[in-house]
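Read the structure below first, then the notes.
The values are calculated or read from the model by the stated rules, or taken from the named source; none is laboratory data. Every value quoted in this text rests on a predicted model; they were computed, and no experiment measured them. Ideal geometry is used to build each Cβ from the backbone, glycine not excepted, and the neighbour counts take in all protein chains shown. These accessible areas exclude ligands, DNA and RNA; they are computed on the full protein's heavy atoms, side chains included. Shrake-Rupley method; radii C 1.70, N 1.55, O 1.52, S 1.80 Å.
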There are 2 protein chains.
Amino acid sequence: SLSSVDYQSSFQTENLPGLINIAAYLPEFSSEAISDYTEECIAAGFTMARFLPFSKKGVLADKDSLASAKKSALDKAHCDYNFSVMASSVNEETIADLNTESGCLYLHFENNSSGINHVTEIASHFSLWPQTQAVVTDAKSTTLASVLLLASLHNRRIHIASVTSKDDINLIVLAKQKSLPVTFDVSIYSLFFTQNDYPGARFLPTLEDQKELWSKLEYIDCFSIGSIPVRLAEFTGHKVSTGYGVREAVPLLLSAVHEGRLSLNDVVDRLYTNPKIIFRLHDQDDSGLQIEIDRVIPSGTGEWSPLAGKKLFGSVQSVKFDCHDVYFDGELNFKSTYGRDYSSVSTAENT
Amino acid sequence: SLSSVDYQSSFQTENLPGLINIAAYLPEFSSEAISDYTEECIAAGFTMARFLPFSKKGVLADKDSLASAKKSALDKAHCDYNFSVMASSVNEETIADLNTESGCLYLHFENNSSGINHVTEIASHFSLWPQTQAVVTDAKSTTLASVLLLASLHNRRIHIASVTSKDDINLIVLAKQKSLPVTFDVSIYSLFFTQNDYPGARFLPTLEDQKELWSKLEYIDCFSIGSIPVRLAEFTGHKVSTGYGVREAVPLLLSAVHEGRLSLNDVVDRLYTNPKIIFRLHDQDDSGLQIEIDRVIPSGTGEWSPLAGKKLFGSVQSVKFDCHDVYFDGELNFKSTYGRDYSSVSTAENT
Ligand SMILES: [Zn+2]
Ligand SMILES: [Zn+2]
Ligand SMILES: [Zn+2]
Ligand SMILES: [Zn+2]
Ligand SMILES: [Zn+2]
Ligand SMILES: [Zn+2]
Ligand SMILES: [Zn+2]
Ligand SMILES: [Zn+2]
């Protein structure tokens with residue numbers, strides 16, 4: 001369904017459906033952060049953002065924090081969005097009550113911020129969170145295996161976020177080959193940067209891991225942004241603004257298309273088609289973007305970037321959201337167009 | 001099939017089939033150690049010993065070490081026996097070749113002595129070790145979950161050795177309830193001693209763990225001896241002789257029978273019936289023992305014991321092995337009666 005049109009430029013253009021940012025990492029759950037982050041989404045071609053339930057400053061692990069985040073977002077977000085909730089070692093029962101008001105239950109293991117360190121705590125979340133609602137985890141290594149086992153024992157689908165290691169992707173591929181209902185995403189940064197470029201940045205894959213990620217491309221369900229761009233900036237000692245890393249997503253992937261490592265359909269599958277199915281997202285009929293294939297992006301726009309000095313091929317030319325032309329050739333144009341909260345209805349529509 | 005006979009004493013006696021020591025821990029794989037250990041087995045009512053593939057001084061992780069251990073055992077063991085082999089991070093292919101010459105493949109994670117620390121290494125052992133041959137592991141916590149997941153993905157039975165924690169037993173019980181083909185044993189010492197008695201002895205259960213083990217008794221397939229008695233002696237700074245802990249097995253369990261916490265059938269199921277099925281062991285028709293119910297064992301026989309000063313009710317009166325009366329009322333009587341090596345034939349017989 002991709003149509004090729006020449007449009008106001010010497011570059012080949014393509015129309016794509018509005019993209020889905022499945023792992024939107026906020027600095028905090030404030031109106032300003034949500035407004036700024038979603039501006040970046042629109043400028044980058046994402047018309048739907050699934051906010052992660054953890055930020056640099058707080059988490060959504062109970063009714064009050066979720067309600068407060070939703071209030072902050074109201075009439076402030078520039079694209080559609082939902083909020084997920086975070087599992088902890090003490091909220092099995094209270095969090096399950098929020099299942100119809102959130103995009104998914106997220107089992108977050110980084111820095112052990114959830115306090116979950118027993119298999120039985122994972123099991124108890126799986127018992128209480130409804131079977132029909134999505135569960136996502138960033139578990140790695142043996143913790144990932146625990147989560148997969150419990151998902152399997154509870155006959156439930158699970159989505160694994162931001163896979164970086166060779167072992168983890170191979171375990172998931174094995175699980176898929178054995179028909180376990182598991183899906184996963186890889187952060188776009190993990191496809192283009194490694195620990196070899198940034199020694200000590202253990203949140204990135206090694207070069208060997210990255211080769212494995214690319215060789216298992218056919219199994220990767222979604223591409224994500226997540227927290228890796230911000231963590232890389234922090235790791236290298238740079239201050240970056242809210243939504244850092246979002247605008248680089250499409251140009252990085254289009255550069256891989258340019259090099260023949262991906263097809264444009266590979267990109268659309270992983271930023272739109274699969275995310276929409278996996279997370280049961282609503283239709284956004286009057287939304288979409290136009291990209292320019294092979295257009296070289298100017299590098300060094302002031303803010304620090306691991307891409308400074310590198311050439312990217314391909315850019316977002318224009319974005320339409322809810323029938324409005326909200327972005328064109330570098331300029332945002334909102335006229336009080338706001339995205340809506342789909343936390344409550346994302347699954348109800350599609351069951 | 002238990003028959004009650006009064007015999008030369010005022011105590012009630014019972015005839016039991018020759019018991020199976022499913023986890024026999026040697027100080028080393030020498031003739032002397034094997035001879036001494038199996039004497040203890042006979043005196044304790046065990047007519048079959050499955051030697052663990054790790055000892056205080058060495059492991060059986062290749063062809064040569066297995067051959068050497070078998071040579072040491074020849075005409076030296078006082079009961080029947082087999083040797084298992086140990087998986088490592090480098091022997092996936094070579095160890096699989098030994099499957100018909102060993103009692104099982106053992107995935108040993110204590111102290112990371114196997115070097116296995118990637119899920120893919122476990123997966124590769126499961127791919128190469130034949131489906132029909134037993135696999136045992138002492139994995140705990142998330143590593144246990146990884147092993148269970150991979151066993152499940154490879155559609156294979158697995159036996160979990162020496163379960164001590166509440167979380168682990170509950171995970172296994174959940175797996176059993178969901179029809180995963182998993183069996184497990186609990187060390188007899190874990191049923192009677194805790195970290196509360198020996199602060200810092202992390203190889204023992206806590207009091208809370210131990211309560212869970214007892215409450216899940218119906219799910220426990222086997223009782224074992226393993227390395228815990230020796231480790232407890234070491235932990236408390238005592239030197240003990242080879243086979244330490246073996247003779248206490250039956251009196252400890254019979255004391256629990258005396259207290260009404262176990263039935264005699266519970267004991268026979270877990271020291272004979274289930275082990276024989278799970279590890280596909282040969283018949284030992286002319287072997288068995290006679291126990292004296294409620295007979296108080298004299299405590300403090302010279303060697304250190306955590307039981308010194310405590311009363312145990314129930315003892316082994318006599319043992320028959322391969323038609324010979326090899327033990328009677330405290331006296332061993334061998335006349336060059338030797339156990340045979342069933343490493344190679346243990347599974348072939350019963351498939
Ligand atoms: Zn704005
Ligand atoms: Zn806990
Ligand atoms: Zn080109
Ligand atoms: Zn409108
Ligand atoms: Zn002897
Ligand atoms: Zn490894
Ligand atoms: Zn009594
Ligand atoms: Zn004979």
A chain fully extended from B:Phe235 to B:Lys57 at 0.36 nm per residue, minus the present Cα-Cα distance, gains in nm 62.3 nm
dims of region A:39-86, Cα set, principal axes, largest to smallest, nearest Å -> 31, 19, 15
In Å, the C-alpha Rg and Dmax of region A:10-81 are 13.7, 52
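When the dipole is taken about the Cα centre of the protein assembly as shown, and only Lys, Arg (+1) and Asp, Glu (-1) are charged at their Cβ, what size is it in debye, to the nearest 20?
Rounded to the nearest 20 debye, it is 280 debye.
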For B:Cys323, the accessible surface traced by a 1.4 Å probe with all protein chains present amounts, in square angstrom to the nearest 10, to 80
Given a Förster distance of 25 Å, the FRET efficiency implied by the Cβ-Cβ spacing of A:Val90 and B:Lys176, rounded to the nearest 0.05, works out to 0.35
Between A:Phe279 and residues 5 or more places away or on another chain, the pairs with built amide H atoms under 5 Å apart involve none
Under Stokes-Einstein, chain A at 37 °C and 0.692 mPa s, with its Kirkwood radius over C-alpha pairs, diffuses with a coefficient in µm²/s of 162
Across B:150-156, the residue-averaged tally of Cβ atoms belonging to other chains within 10 Å stands at 4
So, with points 7 Å from each Cα along the Cβ direction, the A:Asp283-B:Ser127 label distance in nm works out to 4.4
Copies of B:Gly200 compared via label points 7 Å along Cα→Cβ give distances in nm, shortest first, of 3.6
Taking a ≥ b ≥ c as the square roots of the eigenvalues of the Cα gyration tensor, with a/c under 1.5 meaning rounded and otherwise prolate when a/b exceeds b/c and oblate if not, region A:231-280 is oblate
So, in nm and shortest first, the distances from A:Gly237 to its counterparts in the other copies, with label points 7 Å along Cα→Cβ, work out as 5.1
Taking Cα atoms only, helix B:141-153 is inclined relative to the longest principal axis of chain B by an angle, in degrees rounded to 10, of 70
Residue-normalised 222 nm signal for the protein assembly as shown, counting each DSSP H run of n ≥ 4 as -39,500 (n - 2.57), nearest 500 deg cm²/dmol, is -8500 deg cm²/dmol
Spelling it out for B:Ser187: with amide H atoms placed in the peptide plane at 1.01 Å from N, the residues 5 or more places away or on another chain with amide H under 5 Å from its amide H are B:Ser162, B:Val163, B:Ser224
Extend 7 Å from the Cα of B:Trp214 along its Cα-to-C-beta direction; within region B:168-194, residues with backbone N under 18 Å of that point are B:169-170, B:186-194
Phi-derived 3J(HN,Hα) across region B:10-27 with the Karplus relation (6.51, -1.76, 1.60, θ = phi - 60°), rounded Hz, x for Gly and Pro, is 7, 8, 5, 10, 9, 9, 10, x, x, 7, 10, 8, 7, 9, 9, 9, 9, x
Relative contact order of chain A (C-alpha contacts under 8 Å, at least 6 apart) in percent is 22
Taking the alpha-carbon centre of each part, the distance from region A:64-104 to region A:120-164 in Å is 19
In Å, the C-alpha Rg and Dmax of region B:209-351 are 16.6, 47
For region B:105-170, the Kirkwood Rh over every pair of distinct alpha carbons, in Å, works out to 12.0
Expressed in square angstrom to the nearest 10, the accessible area of B:Lys166 with a 1.4 Å probe stands at 70
Any GluC sites (Glu not before Pro) in region B:208-300 that lie in a DSSP loop and have at most 10 other Cβ atoms within 10 Å would be B:Glu259
One decimal, nm, nearest first: from B:Ser344 to the same residue in each other copy, label points 7 Å out along Cα→Cβ, the values are 7.4
Helix A:63-73: inclination vs chain A longest Cα principal axis, degrees, rounded to 10, gives 10
Length-normalised contact order of region B:249-343, Cα under 8 Å, at least 6 apart, in percent, tallies to 28
In whole Hz, the Karplus estimates of ³J(HN,Hα) for region B:290-295 (6.51, -1.76, 1.60; θ = phi - 60°; x where Gly or Pro) are 10, 10, 10, 5, 6, 5
In this structure, the FRET efficiency calculated for B:Ser10 and B:Asp197 from their beta-carbon separation, with R0 = 56 Å, to the nearest 0.05, is 0.95
Phi angles of region B:119-124, converted by Karplus (6.51 cos²θ - 1.76 cosθ + 1.60, θ = phi - 60°) into ³J(HN,Hα) in whole Hz with x for Gly and Pro, give 4, 5, 5, 4, 4, 6
For B:Leu74 the rounded accessible area (nearest 10 Å², probe 1.4 Å, non-protein molecules ignored) is 110
Note on region A:212-282: contact order normalised by length, alpha-carbon pairs under 8 Å, 6 or more apart, percent, works out to 40
Loop-resident trypsin sites (Lys or Arg not before Pro) in region B:263-337 with no more than 14 other Cβ atoms inside 10 Å, DSSP not H/G/I/E/B, are B:Lys310, B:Lys311, B:Lys335
The answer for B:Leu289, listing residues at least 5 apart or on another chain whose modeled amide H is closer than 5 Å to its amide H, is B:Leu16, B:Gly18, B:Lys320
In whole angstrom, largest first, the equivalent ellipsoid semi-axes that the Cα gyration tensor gives for region B:180-280 are 23, 16, 14
For region B:31-181 the translational diffusion coefficient, Stokes-Einstein from a Kirkwood Rh over Cα pairs at 25 °C and viscosity 0.890 mPa s, in µm²/s, is roughly 152
Computed Rg/Rh for the protein assembly as shown (Cα atoms; Rh = Kirkwood radius) stands at 1.10
